[in-house]
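What follows is a set of notes on a single structure, which appears directly below.
Bear in mind that the values in this text are calculations on the coordinates, not laboratory data. A quick note: this is a predicted structure, and the numbers were derived from the prediction, not measured. In this analysis, Cβ positions are derived from the backbone assuming ideal geometry, glycine residues included, and neighbour counts consider all displayed protein chains.
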Amino acid sequence: MTENIQLNSEGKLKHFLSIEGLNKTLLTEILDIADSFIGMNDQQIKKVPLLRGKTIVNLFFENSTRTRTTFELAAKRLSADVLSMSIATSSTSKGESLLDTIRNLEAMFVDMFVVRHAISGAAHFIAQHTSPHISVINAGDGQHAHPTQAMLDMFTIRQVKPDFSNLRVAIIGDILHSRVARSQIQALNILGAAEVRVIAPKTLLPSHVESLEVNVSHDLTSGLKDIDVIIMLRLQKERMTSALLPSESEYFKCFGLTEAKLKIAKPDAIVMHPGPINRGVEIDSKVADGPQSVILKQVSNGIAIRMAIMAMAMQKQGAVG
Amino acid sequence: MSQIHIKQGHLIDPANHINRIADVYIAGGKVVSVTHEPAGFKATTVIDATHKVICPGFIDLSTRLREPGQSRKATFKSEAIAAASAGVTTMCLQPDTNPVIDTPAVAELIKELAEKAHYPQIYPIAALTRKLEGTELSSMLSLKQAGCIAVSNAQQAVKNLLILRRAMEYAASHDLLVMFRPNDYWLGNNGCAHEGAVATRYGLPSIPEEAETIALAQCLELVELTGCRMHFGQLSCKRSVIKIYQAKKYGLNISADVAIHQLHLTENDMIPFDSSYHVLPPFRTEEDREYLRQGLATGTLNSICSDHQPHDIDAKLGAFPETEPGVSSLETLLPLMLKLVEQGEISLQQGIAALSENPARVLHLNSGALTVGYAADVCVFDPELTWQVNAENWKSQGINTPFWGQQFKGRVTHTIQAGKIIYSLE
């Protein structure tokens, strides 16, 4: 559609805003670099000096525990100075504009912003309006993209099933409101997955979902056939009050992943969930905690993937390599 | 009083079926001849229109000048200059000012502001319902007497159909034109982009075509019920064009317009998250644009409006869904119309009629034509002159246009309003 503001003139990562516009080589490079960091988790000293002297600000305009914590740990393990701000309750509620908040922080000589915001396009907007030396990492914007989550999911899949070209992946649940799903679909298609299937009632699918290059099913039982990777999405409680669904129990009956339904997928299928889980709403505890679940692995991998992305985005300034 | 002689231009006056090289003579604020020099005529100003087009001044059915209440976005002064430079000699102002045009005092204030800006031909459109809230009728008759040319609820949907019915009946009782942009509040769901592939990809809250077509269908039924004189504004999609076509064929007393940018841009032209493309109704599909163009060519849509909505920079500075919708569009009105002519979509006569003769008919105004005895509202433009949309050329206080930086062909050289030259290109 237009120039890709995520890449610098040499095609290297400058910002990480969405999966769209990145190619297979770059996505694979992210996964490979994350691989090199994963060993660190078991070491006594879990730190490398790649981003020493750099200042990273986590700007969370929307609440999050997992994503913010893993970003913070990732930055610390790269030896950066990191500051986490929950702005949901500070400046913007006093009427300060998004841009003013950014400009004020910029004046404190920041090198990177990690941004989460409830509005689609917020990270993009910040990237377009910050000083050229600052990198912006999207930690989730509205219903648009959550690219680091998608990459950690790809990383987790690759650990168990290294060849994407054989994989049939089902994403189940609230696709309409899910930035995670949009980024996962793009990443899976770029990495060459055999099939991406979305399974949800029509009320939870975007109007032109087929344009995302996915197959669509409204039935979990038939939809799970031949599937290698099952990705469950979180269901927000608000979906009931906005007449998108009748009740949690009916949703669980139709789209909840139980042991019986899991048996329809391939026997070695893995079960994923970006968290936080609603047990008994989208997934049965027995499945979430069962042998096919890689949900906690996803969380651990979050640190390595975010280290890789932050290091790569800073590379342009000669901080790495 | 000055006497103006416009010499040897290509005169296109669709209402009078004139399309030839001619001279136009203006005296006492009126057109006095388009054939021969009248006896005793002594030109105080001569405009050489060789290789230029002379046509009626443009009449804009939907404009926002932002006063009263939002002078940080634009003022009568700034926008009167922009309008004059665009060949626009008459503007109808939407009532969503602050305060809303729902009392005669506000209508009178607008008349005053227009006089002060030396641009008298500004007509306020009165609010259809008090404060545009869709719950109580505005004092339509008093507003008409205070100079309001029509009634409209601007961008606000009238959620309650009983209120809409009564408002239409009341307007019909006083022979007031109702202007209506069909938009179902609930189906619109506070969206900011067309419900299509682009909104799906970028996770943008979306507005289906049905938000427009269902509201349009309901309103057409109420036109039949109430007998009100109805003009539908800023239509955006294929099925709206079809509905208007069918309703006209059926015999309803209606007319319709399209905003100039809707005839050119689609969802696929949108640069991701670029707020200058944030407009309501949203840019839709290529097919919708085709139907809008055909609708214009066949007369189903009889007018083009600018739907001018100037904004301050801050209004457009933010994540796409949070920015304010609207395009500053007076100054691109003529070149974008000429582009349709160049692309073979419409004839030049049709384009000029859609900007002058036809909106005059919608408003029941004795203008939009260079008829002898009419107020001399004239636009002279050079169809070959190229110019760039940039800070040097732009007059409107709002620079919110997706066409910024683009090169255009066709530029106004002179604008005459009621016999007074209000713009000439240096």
By DSSP, what percent of the beta bridges with both residues in the protein assembly as shown are antiparallel, rounded to the nearest 5?
-> 35 percent
Starting from the Cα gyration tensor of the stretch A:215-312, take the square roots of the eigenvalues, sort them a ≥ b ≥ c, and report rounded, prolate or oblate (rounded when a/c is under 1.5, otherwise prolate if a/b is larger than b/c, else oblate).
-> oblate
What is the spin-label model distance, in nm, from B:LYS30 to A:SER242 if the labels are put 7 Å beyond Cα along the C-beta direction?
-> 6.1 nm
What is the Cα centroid distance between the stretch B:66-145 and the stretch A:162-220, reported in whole angstrom?
-> 50 Å
So for the protein assembly as shown, taking the charge dipole from beta-carbon charges (+1 Lys/Arg, -1 Asp/Glu), which of B:ALA105, B:ALA197, B:ILE47 sits furthest toward the positive end?
-> B:ALA197
Farthest toward positive dipole pole in the protein assembly as shown [+1 Lys/Arg, -1 Asp/Glu at C-beta], among A:LEU176, B:PRO272, B:LEU61 | A:LEU176
Peptide-level mean, for A:122-131, of C-beta atoms on other protein chains within 10 Å = 3
Ranking B:TRP186, B:TRP387 by Cβ neighbours within 10 Å, fewest first, what do you get?
-> B:TRP186, B:TRP387
Correct semi-axes for the stretch A:147-298, from √(5λ) of the alpha-carbon gyration tensor and rounded to whole Å with the largest first, are 21, 18, 14
Student exercise, the stretch B:138-211 dipole from Lys, Arg, Asp, Glu Cβ charges, in Debye to nearest 20 = 200 debye
Across the residues of A:17-27, average count of Cβ atoms on other protein chains within 10 Å?
-> 1
Going 7 Å from the Cα of B:ARG72 in the Cα-to-Cβ direction, what parts of the stretch A:97-112 have a backbone nitrogen less than 17 Å from that spot?
-> A:97-101
Ranked highest first by average number of other Cβ atoms within 10 Å, how do A:124-133, A:171-180, A:145-154, A:67-76 line up?
-> A:145-154, A:171-180, A:67-76, A:124-133
Cα pairs beyond 25 Å in chain A, in percent, come to 49 percent
With only Lys, Arg, Asp and Glu charged, each at its Cβ (+1 for the first two, -1 for the last two), find how big the charge dipole of chain B is about the Cα centre; round to the nearest 20 debye.
-> 700 debye
Ranked B:LYS339, A:LYS225, criterion: other C-beta atoms within 10 Å, fewest first | A:LYS225, B:LYS339
In whole angstrom, how far apart do the alpha carbon centroids of the stretch B:234-266 and the stretch A:104-147 sit?
-> 41 Å
How much space per residue, in cubic angstrom, does the convex hull of the C-alpha atoms of the stretch B:52-130 take up?
-> 84 Å³
Sites A:GLU213 and B:LEU425, calculated FRET efficiency, Cβ-Cβ separation with R0 56 Å, nearest 0.05 | 0.65
Assigning unit charges at the beta carbon (Lys, Arg +1; Asp, Glu -1) and nothing else, what dipole magnitude in debye, to the nearest 20, does the stretch A:215-278 show about its Cα centre?
-> 60 debye
Rounded, prolate or oblate: which one fits the stretch B:56-363, using the alpha carbon gyration tensor with axes a ≥ b ≥ c (rounded when a/c is under 1.5, else prolate when a/b beats b/c, else oblate)?
-> rounded
At 25 °C in a medium of viscosity 0.890 mPa s, the stretch A:7-142 has a Stokes-Einstein diffusion coefficient, with Rh taken as the Kirkwood radius over alpha carbon pairs, in µm² per second, of 155 µm²/s
Going toward the positive end of the dipole of the protein assembly as shown, with +1 on Lys and Arg Cβ and -1 on Asp and Glu Cβ, which of B:ILE399, B:PHE180, A:TYR251 do you reach last?
-> A:TYR251
What is the order of A:VAL136, A:VAL110, fewest Cβ neighbours within 10 Å to most?
-> A:VAL110, A:VAL136
Per residue of B:202-215, other chain Cβ atoms within 10 Å number on average 3
Taking Rh as the Kirkwood radius, which is the inverse of the mean 1/r over Cα pairs, what is the Rg/Rh value for the protein assembly as shown?
-> 1.05
Classify the stretch B:1-155 as rounded, prolate or oblate, taking a ≥ b ≥ c as the square roots of the eigenvalues of its Cα gyration tensor: rounded when a/c is under 1.5, otherwise prolate if a/b is larger than b/c and oblate if not.
-> prolate
Counting helices only, and only those DSSP H runs with n ≥ 4, report the 222 nm mean residue ellipticity of chain A as the sum of -39,500 (n - 2.57) divided by its residues, in deg cm²/dmol to the nearest 500.
-> -10500 deg cm²/dmol
Net charge, B:LEU65 excluded, C-beta distance under 15 Å - Lys, Arg +1, Asp, Glu -1 | -1
Using just the helices of chain B, give the 222 nm mean residue ellipticity in deg cm²/dmol: DSSP H runs with n ≥ 4 each add -39,500 (n - 2.57), and the total is spread over all residues, rounded to 500.
-> -8500 deg cm²/dmol
Describe numerically, in nm with one decimal, the distance between label points set 7 Å from Cα along Cα→Cβ at A:LEU296 and at A:ILE5.
-> 4.1 nm
Between B:ALA43, B:ALA27, B:ALA107, which gets the highest mean-square fluctuation from a Gaussian network model of chain B, Cα cutoff 10 Å?
-> B:ALA43
